[in-house]
Amino acid sequence: MSIIVQNISKSYNKIKAIDAISFEVKEGELFGLIGPDGAGKTTIFRILTTLLLANEGSATVAGFDVVKEYKSIRNSVGYMPGKFSLYQDLSVEENLNFFATIFGTTIEENYDLIKDIYIQIEPFKNRRAGALSGGMKQKLALCCALIHKPKVLFLDEPTTGVDPVSRKEFWEMLKRLQQKGITILVSTPYMDEAAMCDRIALIQKGKILKIDIPENIIKDYDKIIYDVKAKNTHQLIQDLKNYPSQYSVYAFGEYIHYIDKKDDFNPIDLQNYLQQNKHSEIEIRVSETTIEDVFMDL
Amino acid sequence: MDKEKIIEVQNLTKQFGSFTAVKSISFDVYKGEIFGFLGANGAGKTTAMKMLIGILKPTSGEALVAGFDVKSNAEMVKKSIGYMSQKFSMYDDLTIKENITFFGGIYGLSKARIKEKTAQLIKELKLEEVADKLVGSLPLGWKQKLSFSVALLHEPKIVFLDEPTGGVDPITRRQFWEMIYAEAHKGTTIFVTTHYMDEAEYCDRVSIMVEGTIEALDTPKKLKQKYNVASMNEVFLKLARNVE
């Protein structure tokens, strides 16, 4: 096991940030912590990277205890915090050199590991880090977290605020790093990224709600979701919410995801109801469940 | 939809030294429309938006916002619009009530009006129990809902939302969009940027910026037809090649 977390809790003043959390990450696994802002993801990262002490519980990373052997952990892991924390006034190359030197290595020694990513920012190597665009900052931060060839890589919301194209490329990079044997713990508020992980933990309000491979999380969901569409979306949401047997109504892209309380629900009844309420261009069909649907119903 | 133009942009351009961040863009936004302003990081969205809200002077070109010229009448533009930044910008050390009062004052509302608006907002957002708590203690989703309402305090004709839902949980994100729909229903124009492509589907029309120009502008339905794909995410991936 690359990461073992057992009953970790942490409170700030009286507020429980995380509450008796346990999970394990296998060597070479790409493991995702999926949850919104405030779920406790960053607290977990800070405890595992030895920057914060837990109130209760124990954890090991790469075989080292997070309290007793914190120095060994710091040499074996790479950490990319959610907030950009490189030196804004140093250039791209200076930042990378700085982190290589701190860890007693050189850019050349581990260039293989960062090559794919670094060549994308190399044209700007003399630019100050503070003057980079969001996507480039993120790539530089990843290079700096990798330069000492860590066994475990911690990425805290690496794609928040990043556009869909860059997000896709970022995940492709993570897959390649994984193939090089690096264990990756990554957090994200984007539910669609969950499908890219080997296993995920759904986390909310400091508690892990579920851990499994993404396919099982979707398969285990037992309610039928309907895609509903009509010309006036805003009015459709209101009317669906007023339907007597509605269980949940949420906008999902171009369709509304509708779940009914009744086992013998007949979509035709709903169709009639919407017609009575003067909706036009009505479409109702069974939808495919997504991680986001499961998450919202936890 | 009422076809009254609320934003008119003609050949709007912004250069920083030798770099052209926004290259002669032109488009119109109509009253009561939800207009999605999309693009990759670094495509020029923020620069364009800053020009439209009157805080950055264009190098060339014209833009009328709520009838006012952003170059010659920037102060009137600022008074006529609401703006919600992607970075939470209310005072964490003031209570919810104090923040509303403060921004009401900034927008020049009368004391009686501020009192009335404060009560109305707190009721609408169901924040009665926490109205006297510090804003800093609220979860992100609530902060964003509050910011949105505060941006609407002075009843602007148009409100600019810069990535209002980044990092927000899926349920609150949807509640936020229901607030947007309700506001657009009242006739307020919504100009919104987002990186969630499911949210792009909720817009009446969507523009996609690539390297400083507007590559596509249409309803989500027509864009999907044009590029022959099933979702806005695919439209975006097709258009916005990563060119940093």
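Every number in this text was worked out from the coordinates using simple rules, so none of it is lab data. These numbers were taken from a predicted model, which means no experiment stands behind them. FYI the Cβ positions are ideal-geometry reconstructions off the backbone, even for glycines, and counts take in every protein chain you see.
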**Complete:** Between the modelled labels at A:Arg285 and A:Ile15 (7 Å from Cα along Cα→Cβ) the distance in nm is 4.4
**Asked** Considering only Cα-Cα distances, which of the following residue pairs are longer than 21 Å: A:Lys41/B:Lys133; A:Lys229/B:Lys3; B:Lys14/B:Lys45; B:Lys23/B:Lys224; A:Lys83/B:Lys143?
**Response** A:Lys41/B:Lys133; A:Lys229/B:Lys3; B:Lys23/B:Lys224
**Complete:** Relative to the compact-globule estimate 2.2 N^0.38 Å (N residues), the Cα gyration radius of chain B stands at a ratio of 1.02
**Other protein chain Cβ atoms within 10 Å, averaged over every residue that makes up B:160-170** = 4
**Message:** Between B:Met76 and B:Lys5, what's the calculated FRET efficiency when r is the beta-carbon distance and R0 is 25 Å? Round to 0.05.
**Reply:** 0.90
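How much length, in nm to one decimal, is gained on full extension between A:Glu169 and A:Phe98, taken as 0.36 nm per residue of separation minus their Cα-Cα distance?
In short, 23.0 nm is gained.
Any idea what the relative contact order of region B:141-199 is, in percent, if you count C-alpha pairs under 8 Å spaced at least 6 apart? Write out the running numbers ahead of the final one.
On the way: 47 pairs, mean separation 27.0, N = 59.
The normalised contact order for region B:141-199 reaches 46 percent.
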**Prompt:** Can you give the net charge of the other residues whose Cβ lies under 14 Å from the Cβ of A:Ile114, counting K and R as +1 and D and E as -1?
**Reply:** 0
**Request:** Kindly state, to the nearest 0.05, the FRET efficiency for B:Val229 paired with A:Lys205, given R0 = 35 Å and r defined as their beta-carbon distance.
**Result:** 0.45
**Message:** Tell me the relative contact order for chain A as a rounded percent, counting alpha carbon contacts under 8 Å between residues six or more apart.
**Reply:** 20
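Where nothing but the Cβ of Lys and Arg (+1) and of Asp and Glu (-1) is charged, how large is the charge dipole of region A:82-208 around its Cα centre, in debye to the nearest 20?
320
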**Asked** How many Å³ per residue does the convex hull of the Cα positions in region A:1-123 occupy?
**Response** 144
**Request:** Sort A:Asp156, A:Asp19 so the one with the fewest other Cβ atoms within 10 Å of its own Cβ comes first.
**Result:** A:Asp19, A:Asp156
**Prompt:** Using a simple spin-label model with points 7 Å from Cα along the Cα→Cβ vector, what separation in nm is obtained for A:Gln275 and A:Lys71?
**Reply:** 7.8
**Complete:** Rg from C-alpha atoms of chain A, normalised by the globular rule of thumb 2.2 N^0.38 Å, equals 1.18
**Prompt:** Fewest to most neighbouring Cβ within 10 Å: what's the order for B:Arg205, A:Arg74, B:Arg173?
**Reply:** A:Arg74, B:Arg205, B:Arg173
**Request:** With a point put 7 Å past each Cα toward its Cβ, work out how far A:Gln238 is from B:Tyr91 in nm, to one decimal.
**Result:** 3.7
**Prompt:** Using the alpha-carbon atoms, what tilt in degrees (0 to 90, nearest 10) does helix A:92-102 show relative to the longest principal axis of chain A?
**Reply:** 60
**Request:** Could you give me the percent of Cα pairs per 10 Å distance bin for the protein assembly as shown, shortest bin first, beginning at zero and ending with the bin that holds the maximum distance?
**Result:** 3, 16, 25, 27, 19, 8, 1, 0
**Complete:** Most exposed first, judged by fewest Cβ atoms within 10 angstrom, A:Ile237, A:Ile203 run A:Ile237, A:Ile203
**Message:** Could you give the length gained by full extension between B:Glu155 and B:Lys222, i.e. 0.36 nm per residue of separation minus their alpha carbon distance, to one decimal place?
**Reply:** 20.9 nm
